[in-house]
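Right, one structure below, let's go through it.
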Amino acid sequence: MPKRSWAEPFKIKMVELLKMTTPKQRKDAIKKAGYNTFLLKSEDVYIDLLTDSGTSAMSDRQWAGMMLGDEAYAGSKNFYTLEKAVKKYYGFKYMIPTHQGRGAENLLSQIMIKQGDIVPGNMYFTTTRLHQEMAGGTFYDVIIDEAHDSTNPHPFKGNIDLNKLDDLVKKFGAEKIPYVCVATTVNMAGGQPVSMENLKALRAYTHKHGIKVMLDMTRIAENAYFIKEREAGYSRRSIASIVKEICDQTDGATFSGKKDALVNIGGFLALNDEKKYEEASNLVVVFEGLHTYGGLAGRDMEAMAIGIEESVDENHIRARIGQVIYLGEALLDLNIPIVTPIGGHGIFIDAKKFLPHLEQLQFPAQALAAEIYEDSGVRTMERGIVSAGRNAKTGDHYYPELELVRLTIPRRVYTQAHMDVIAESVERVYKKRHKITGLEMVYEPTYLRFFQAKFKKL
Ligand code: PLI
């Protein structure tokens, strides 16, 4: 069959000009930032691959929606529009808006987890695990072993290992496990999807043991795309119907609208249980705002409702992941060690393989992210030992198997030419990799240290 390429299903109506910097300016900027890309000024960044969270471009429809903001304190029209979208696309009965995903994680953890509880999940996520711990729970990783191997070709490296889960049930008892936290496209594993088959098996297992399933549905449309591409029986199904089927396997969800839903701010907690909904809608008043706005302006809720609809558009999702794959394949052609299969929201460079001369405690991924910035002004993010943090009980560093630099692609923001420039920069850094030195941490904050830690060159 003749080739039919993807292309952006939009045209550009407005642009934001970028500042170009000199090598000297970048060298000074990253040193001043303590070799932490989170501490750089955005204006000193050329191509910003720090995150795909809140950095996507909204459509003209979303911007038009912003003008429909009903900025009432209570019962805003836009809340009902959002509630309708959540019911239509995700099927959950109740929805409480929050300012972003972690606001929902806080509520969920507080209403579900008791001191001493166990919360299994398919690999940790930074904010999710912290909220579980702050509520008195302990996170256990039950992802399949393949997820910890950067080049294992398993098509669904986000899957839960039901034997690992069963071991926890046997060891601690099902009554100690309020829910299993299952994420769609597992961020820290490299944007790796979970299969529908696995979700259904998890549903059956947890049902038998009276354990709930709570979804971190932050990148659910991207997961649905991989199910459509890779799982038997789904190739003719719509993304929207797969998204709904994923939600049907769960009891509720936390959502960061800043990813799939193409907004700069927003999230929600969704639940099917009325009693839990009542608890959460009371608690949200303490942390976020009334249960009909949860920290968001009316206009933000309107834009998120429209973004949810746009997120499941077939052409959108094909081009979104097509662009990620384009960059990944360019790096593979240059023999750069990256996580494969290529994931949904970015390319993850394997820093252990890129810089084999560095110990993990010399923070290879942190050093590599700084080096890429210095080369070209491309801002990436560490997803390794710094992100993993310390064990809350022992105080020891976690030593994750995956020591990665994430090149996260915002949706609808950069062009294919930007992808080429990024690949060339990584290639230049790869060529001089032997000269790259490690880092020493000189400032370590208590919570989520990767955001604010500072380093100096060894
Ligand atoms: O950044 P929030 O609070 O809207 O969402 C928290 C959050 C929850 N789950 C997952 C899987 C995430 O990826 C996530 C946020 N991720 C960020 C900020 C990222 O850069 O990946």
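Residue-wise test of (1) in contact with a strand residue (DSSP E or B) (Cβ under 7 Å, 6 or more places away or on another chain); (2) in a helix (DSSP H, G or I).
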position: Gly343; (1), (2): yes, no
position: Ile347; (1), (2): yes, no
position: Leu358; (1), (2): no, no
position: Ala370; (1), (2): no, yes
position: Met419; (1), (2): no, yes
position: Ala423; (1), (2): no, yes
position: Glu440; (1), (2): yes, no
What single numbered condition from (1) buried (at least 24 other Cβ atoms within 10 Å of the Cβ); (2) β-branched (Val, Ile, Thr); (3) in a loop (DSSP other than H, G, I, E, B) fails to hold for Ile336? (1)
Kindly indicate whether Asp28 is under 30 Å from Met441 (Cβ atoms), of a type in the set (Asp, Glu) and either in contact with a strand residue (DSSP E or B) (Cβ under 6 Å, 6 or more places away or on another chain) or surrounded by fewer than 18 Cβ atoms within 10 Å (Cβ to Cβ) (or both). yes
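One residue is enough: does the range 34-55 have a residue meeting the conditions free of Cβ contacts under 8 Å to residues at least 60 places away in the same chain and surrounded by 14 or more Cβ atoms within 10 Å (Cβ to Cβ)?
No, there is no match, as no residue in the range 34-55 is free of Cβ contacts under 8 Å to residues at least 60 places away in the same chain and surrounded by 14 or more Cβ atoms within 10 Å (Cβ to Cβ).
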Name the residue, out of Glu231, Glu222, that is more than 16 Å from the ligand (Cβ to nearest atom), within 16 Å of Phe156 (Cβ to Cβ), in contact with a Ser or Thr (Cβ under 9 Å, 6 or more places away or on another chain) and not small (Gly, Ala, Ser). Glu231
Being on the phi < 0 side of the Ramachandran plot, within 16 Å of the ligand (Cβ to nearest atom) and in a helix (DSSP H, G or I): is that true of Leu50 here? no
Can Met214 be described as surrounded by 17 or more Cβ atoms within 10 Å (Cβ to Cβ), in a helix (DSSP H, G or I) and touching a strand residue (DSSP E or B) at 6+ places or on another chain (Cβ under 7 Å)? no
What do you reckon, is Asp60 at pLDDT 95 or above and under 24 Å from the mean Cα position of the chain (by Cα)? no
Is the range 443-456 home to any residue that is touching a residue at least 60 places away in the same chain (Cβ under 8 Å), aromatic (Phe, Trp, Tyr) and touching a Ser or Thr at 6+ places or on another chain (Cβ under 6 Å)? yes
Can you pull out the residues in the range 435-452 that are of a type in the set (Val, Ile, Thr) and out of contact with any Leu (no Cβ under 8 Å at 6 or more places or on another chain)? Val442, Thr446
Please go through (1) within 13 Å of the ligand (Cβ to nearest atom); (2) without any contact (Cβ under 8 Å) to a residue 12 or more places away in the chain for Arg237 and return the number of the only condition it doesn't satisfy. (1)
From the residues in the range 170-193 that are within 12 Å of the ligand (Cβ to nearest atom) and β-branched (Val, Ile, Thr), which one is nearest to Gly322 (Cα to Cα)? Thr185
Would the range 218-225 turn up any residue that is farther than 24 Å from Leu107 by Cβ and over 22 Å from the mean Cα position of the chain (by Cα)? no
Quick one: what pairs do we get from the range 269-290, first residue acidic (Asp, Glu), second at pLDDT 95 or above and assigned to a helix (DSSP H, G or I), C-beta under 7 Å, 6+ apart or different chains? Glu279/Ile111; Glu288/Gly103
Quick one: count up the residues across the range 372-395 that are β-branched (Val, Ile, Thr), over 14 Å from Leu50 (Cβ atoms) and in a loop (DSSP other than H, G, I, E, B). 1
Provide a single number: the residues in the range 262-283 that are within 16 Å of the ligand (Cβ to nearest atom) and part of a loop (DSSP other than H, G, I, E, B). 5
Wholly enclosed strands (runs of 3 or more DSSP E) of the range 78-183 bearing at least 3 residues buried (at least 20 other Cβ atoms within 10 Å of the Cβ) and in contact with a strand residue (DSSP E or B) (Cβ under 9 Å, 6 or more places away or on another chain): 94-98, 118-121, 179-183
Whether any residue in the range 420-433 is in contact (Cβ under 8 Å) with a residue 12 or more places away in the chain, over 30 Å from Lys11 (Cα atoms) and within 16 Å of the ligand (Cβ to nearest atom) is what I want to check. no
Considering only residues of the range 89-128 that are within 17 Å of Lys212 (Cα to Cα) and β-branched (Val, Ile, Thr), which is farthest from the ligand (Cβ to nearest atom)? Ile118
Taking the range 287-317 as the search range and keeping residues that are in contact with a Pro (Cβ under 8 Å, 6 or more places away or on another chain) and among the charged types (D, E, K, R), which one is farthest from Ser5 (Cα to Cα)? Glu288
Determine, yes or no, whether Val405 is loosely packed, with under 12 Cβ neighbours inside 10 Å, in contact with a strand residue (DSSP E or B) (Cβ under 6 Å, 6 or more places away or on another chain) and not in a helix (DSSP H, G or I). no
Name every residue in the range 379-402 that is more than 16 Å from the ligand (Cβ to nearest atom) and crowded, with 20+ Cβ neighbours inside 10 Å, in order of residue number. Ile385
Would you check if Lys259 is part of a helix (DSSP H, G or I) and among the charged types (D, E, K, R)? no
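The values are calculated or read from the model by the stated rules, or taken from the named source; none is laboratory data. Small disclaimer: the values here were computed from a predicted structure and weren't measured. All Cβ positions, glycine included, derive from the backbone under ideal geometry; neighbour counts span all protein chains shown.
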